[in-house]
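See structure below.
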Amino acid sequence: MSAPEPTPPAITCAFILAAGLGKRMRPVTATVPKPLVEVAGKALLDHALDRAAEGGIARAVVNVHYLPDLIEGHLARRAQAPEILISDERAALLETGGGVKKALPLVGAEPFLVFNSDSFWLEGPTPNLARLIAEWDPAAMDVLLLVAPTATSLGYEGAGDFVMDPDGRLERRGEREVAPFIYAGVAILKPELFADTPESAFSLNLLFDRAIARGRLFGLRLDGQWLHVGTPEAIAAAEERVRLSARLP
């Protein structure tokens, strides 16, 4: 009898991208960093951290750059799980990829989650983070993205990011084409993907494109509705959608 396949390590750490300037959210973000903007009575950052805790995440690394003292003070008052560590980017904003790379000593050597701090959605029957972690297959995947249908995402008016084959493998949309899926701001990545990357600022899109070239970028369709909270006007629309969902049986 052959030995059973080894079980991949559980995903226990998340990196929360909270260092951005939030320019599209101005004037709200003139005095409040975007991660602390409230939607439905709770800061976006707390929505992300609560989702992480519900998904079994024990440790979250949060990077800071813009109005960092406000974010650190907010997190210091937070009593709930997960445990929070700060990655300080006060000296220079490193974009998404550079921010994660700087924090790798805090993240550790195992695959981990990356959250945009404004990742916000209404759940379907099964929590999406649990679905994403269950779908993760490190033997076949370098990166697994949570993707949302462009047609049903509230507040999104772009042309989409990806097309997905029946196995879940992703490709970029072609120029002047429309794609059915948008990146919903949550991913699982391997730390080793950062080995051959710039020492300065760079985007996670570099890793996504490298994974596409190897046929190892996969997606999981979000079950529920993704809410794009990118502008001041989008806050009210998202809150109204949350109110409506709370009244549904």
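Read-outs throughout are calculated quantities, based only on the coordinates presented, and are distinct from any laboratory measurement. Bear in mind that the values here come from a model prediction, so they are computed numbers and not experimental data. Using ideal geometry, Cβ is built from the backbone for each residue, glycine included, and neighbour counts are taken over all protein chains shown.
Results, tabulated for the structure shown:
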quantity: Wholly enclosed strands (runs of 3 or more DSSP E) of the stretch 98-153 bearing at least 3 residues closer than 13 Å to ILE16 by Cα; calculated: 112-116
quantity: Residue match in the stretch 176-194 (condition: part of a helix (DSSP H, G or I) and among the aliphatic types (A, V, I, L, M)); calculated: yes
quantity: Residue identified as more than 15 Å from the chain's Cα centre (by Cα) and over 25 Å from ILE11 (Cβ atoms) among VAL64, VAL32; calculated: VAL32
quantity: The stretch 58-68, residues that are buried (at least 21 other Cβ atoms within 10 Å of the Cβ) and more than 19 Å from ALA30 (Cβ to Cβ); calculated: ALA60, VAL61, VAL62, ASN63
quantity: Residues (closer than 24 Å to ASP137 by Cα, of a type in the set (Lys, Arg) and part of a helix (DSSP H, G or I)) located in the stretch 200-249; calculated: ARG210
quantity: Which listed residue, of ILE71, ILE86, is buried (at least 21 other Cβ atoms within 10 Å of the Cβ) and free of Cβ contacts under 8 Å to residues at least 60 places away in the same chain; calculated: ILE71
quantity: Any hit, the stretch 95-112, residues being hydrophobic (A, V, I, L, M, F, W, C), more than 18 Å from LYS190 (Cα to Cα), under 18 Å from the mean Cα position of the chain (by Cα) and crowded, with 16+ Cβ neighbours inside 10 Å; calculated: no
quantity: Scope the stretch 16-70; condition over 14 Å from VAL114 (Cβ atoms), of a type in the set (D, E, K, R), out of contact with any Gly (no Cβ under 6 Å at 6 or more places or on another chain) and assigned to a helix (DSSP H, G or I); matching residues; calculated: LYS23, ASP46, ASP50, GLU54, ASP69
quantity: LEU145 vs. criteria touching a Lys or Arg at 6+ places or on another chain (Cβ under 8 Å), touching a residue at least 60 places away in the same chain (Cβ under 8 Å) and over 23 Å from GLU83 (Cβ atoms); calculated: no
quantity: Long-range neighbours under 8 Å by Cβ, at least six apart or interchain, first residue over 12 Å from LEU217 (Cβ atoms) within the stretch 155-166, second small (Gly, Ala, Ser) and part of a loop (DSSP other than H, G, I, E, B); calculated: GLY155/GLY230; ALA159/ALA179; GLY160/ALA179
quantity: Some residue of the stretch 156-169 being within 21 Å of ILE57 (Cβ to Cβ), crowded, with 16+ Cβ neighbours inside 10 Å and within 18 Å of the chain's Cα centre (by Cα); calculated: no
